[in-house]
Structures are given as structure tokens and as C-alpha cells.
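Trainee: Have a look at the structure that comes next, please.
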Amino acid sequence: QVQLVESGGGLVQAGDSLRLSCAASGRTFSSNAMAWFRQAPGKEREFVTAINTNGRTTYYANSVKGRFTISRDNAKNTLYLQMNTLKPEDTAVYYCAAGAGAGSRLWYEYNYWGQGTQVTVSS
């Protein structure tokens, strides 16, 4: 069982940066591949990025490649998402997820989800 709590969202202007965090409870964080998804109003939940258990392999959606960076600190049971050069189309609720195979881009393969954190990017 993994419980996830996201933080760090907010209202920013286009071109700004934000860093999201996802704090995990339980002793199994380091054995879980992790991911970030996002969901904008009226749209399906979409894959953003994922990371394997030791943090050495990462996966990105084309829409965020080169702007977003996923990382994890297994000692702190925390997942991060550094978002740079934000665009209005990045506006969404961002969720961290666990429980699927490393790099999975399919939201329904993940068993554990946080409550989400809102990111709003104004133009």
C-alpha cells in the first residue's frame, strides 16, 4: 500500500517554473516505479512523465520533453516534477501515481493515486 500526497501547484505566468512534490507514505516507495499524469477540464487524464525505481531511467511525453524533469529521492520518499518554461496548455490538475510497471503511460495500470494539485498557467 502506498499513499501519495502532491503539493507545489499554483498560479503562474507563461514562461515561469514550478516544482511539484509527491510525498509517499509506507516502506515500499523505493520499490515502486512512479509517474506524473495530468488532467485538464473536459479532457482525459494524460501521461506526463515516469521514472523507474532507482531514478536512472525516465520517460516523457513529447509535449513536455526538454521542459519538465522528473526525479525522486528514495531516502525522503518523495517524487518531484520540475516544470520549466510553462505554457497555458500545461494548465491541469497534476497527479502522481504508483503501482504500474516502469514507464507505463496508461493511467489505468496504476493502482495508487494522490489527490492532485492544480497548476494554472496564464498567458
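The values are calculated or read from the model by the stated rules, or taken from the named source; none is laboratory data. What you see is a predicted model; the values in this text were computed from it and never measured. Virtual Cβ from ideal backbone geometry, glycine too; neighbours counted across all protein chains shown. SASA here: full protein model, heavy atoms, side chains in, ligands and nucleic acids out. Shrake-Rupley method; radii C 1.70, N 1.55, O 1.52, S 1.80 Å.
Trainee: In a GNM of the chain with a 10 Å cut-off on Cα contacts, which of G66, G42, G101 has the highest mean-square fluctuation?
Mentor: Sorting by GNM fluctuation, first place goes to G42.
Trainee: Assigning unit charges at the beta carbon (Lys, Arg +1; Asp, Glu -1) and nothing else, what dipole magnitude in debye, to the nearest 20, does the chain show about its Cα centre?
Mentor: Magnitude of the dipole: close to 240 debye.
Trainee: Within the stretch 32-119, which GluC sites (Glu not before Pro) sit in a loop by DSSP and count at most 14 neighbouring Cβ atoms inside 10 Å?
Mentor: E44
Trainee: Moving on to the next point. Quick one: pull the percent of accessible area on the chain belonging to carbon and sulfur, 1.4 Å probe, ligands and nucleic acids left out.
Mentor: Numbers: 2830 of 6230 Å².
For the chain, the apolar C and S fraction of the accessible surface comes to 45 percent.
Trainee: So how do W36, W107 rank on accessible area, 1.4 Å probe, biggest first, that is with the largest at the start?
Mentor: Ranking W36, W107 by accessible area, largest first, yields W107, W36.
Trainee: While we're looking at this one, here's another question. D for the chain, whole µm²/s, Stokes-Einstein with Kirkwood Rh over alpha-carbon pairs at 20 °C and 1.002 mPa s: what number?
Mentor: Rounded, D is 152 µm²/s.
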